[in-house]
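The values are calculated or read from the model by the stated rules, or taken from the named source; none is laboratory data. Since we're looking at a predicted model, the values are computed, not measured. Glycine also receives a Cβ, built like all others from the backbone with ideal geometry; neighbour counts cover every protein chain displayed.
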């Protein structure tokens, strides 16, 4: 089922606009996965970036959301997040054998829901709480703008990966 892909209202308050743009980019990522076979979801089409698969993009973005809002903003434990694995720069992009695209999308959806709950309970001026990372000194507003930027960038990657996989293209 194609998700509702709508921009936020032209005259929205700041929080609504930020979450609206972030939700749109999240939806585009999920939309780009529609109809993919498991083989294609895990197939690398960029020889110099073998982890850049549709499954890898979804895995990475799930952990990006976790990094910024649960770890850096709330001060949570980073040890279960592969983004913090200093031995493997692409650990958050890698998908274990047998992990389906459906499961990755479900985990991403759950993380996005959790992220929106965190944002709803805080002020945009609140500062991150993790004492171990310089980026936690940013306020929630900055973190959301960063998430819009990073999610949009990777939605663009998903456009290219999908086109290379099966020729499907389009803004959404």
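I need the full set of residues from the range 51-84 which are more than 22 Å from residue 145 (Cα to Cα), touching a helix residue (DSSP H, G or I) at 6+ places or on another chain (Cβ under 9 Å) and surrounded by fewer than 22 Cβ atoms within 10 Å (Cβ to Cβ), in order please.
Correct list: 51, 52, 77, 80, 82.
Out of 22, 57, 5, 29, report the one residue that is in a loop (DSSP other than H, G, I, E, B), in contact (Cβ under 8 Å) with a residue 60 or more places away in the chain and within 18 Å of residue 158 (Cβ to Cβ). Walk me through how you get there before you give the answer.
On the way: 22 fails: in a loop (DSSP other than H, G, I, E, B); 57 fails: in a loop (DSSP other than H, G, I, E, B); 29 fails: in a loop (DSSP other than H, G, I, E, B).
Every option except 5 fails the conditions.
Condition check: in contact with a helix residue (DSSP H, G or I) (Cβ under 6 Å, 6 or more places away or on another chain), surrounded by 17 or more Cβ atoms within 10 Å (Cβ to Cβ) and more than 17 Å from residue 31 (Cβ to Cβ). Does residue 155 satisfy that? Show your work before the answer.
On the way: in contact with a helix residue (DSSP H, G or I) (Cβ under 6 Å, 6 or more places away or on another chain): yes; surrounded by 17 or more Cβ atoms within 10 Å (Cβ to Cβ): yes; more than 17 Å from residue 31 (Cβ to Cβ): no.
Criteria not met by residue 155.
Could you please give the count of residues in the range 97-126 that are over 20 Å from residue 59 (Cα atoms), assigned to a helix (DSSP H, G or I) and touching a residue at least 60 places away in the same chain (Cβ under 8 Å)?
1
Looking at 105, 69, can you tell me which residue is under 17 Å from residue 155 (Cα atoms) and modelled with pLDDT of 95 or more?
105
Would you mind finding the one in 124, 101 that is touching a helix residue (DSSP H, G or I) at 6+ places or on another chain (Cβ under 7 Å) and buried (at least 18 other Cβ atoms within 10 Å of the Cβ)?
Step by step, each of 124, 101 is checked, and only 101 is touching a helix residue (DSSP H, G or I) at 6+ places or on another chain (Cβ under 7 Å) and buried (at least 18 other Cβ atoms within 10 Å of the Cβ).
Just to check your reading of the model, which residue among 141, 129 is more than 30 Å from residue 45 (Cβ to Cβ), modelled with pLDDT of 95 or more and in a loop (DSSP other than H, G, I, E, B)?
Going through 141, 129 in turn, just one is more than 30 Å from residue 45 (Cβ to Cβ), modelled with pLDDT of 95 or more and in a loop (DSSP other than H, G, I, E, B): 129.
Determine whether the range 87-96 contains at least one residue that is more than 14 Å from residue 160 (Cα to Cα), surrounded by fewer than 19 Cβ atoms within 10 Å (Cβ to Cβ), out of contact with any strand residue (DSSP E or B) (no Cβ under 6 Å at 6 or more places or on another chain) and in contact (Cβ under 8 Å) with a residue 60 or more places away in the chain.
No, the range 87-96 contains no residue that is more than 14 Å from residue 160 (Cα to Cα), surrounded by fewer than 19 Cβ atoms within 10 Å (Cβ to Cβ), out of contact with any strand residue (DSSP E or B) (no Cβ under 6 Å at 6 or more places or on another chain) and in contact (Cβ under 8 Å) with a residue 60 or more places away in the chain.
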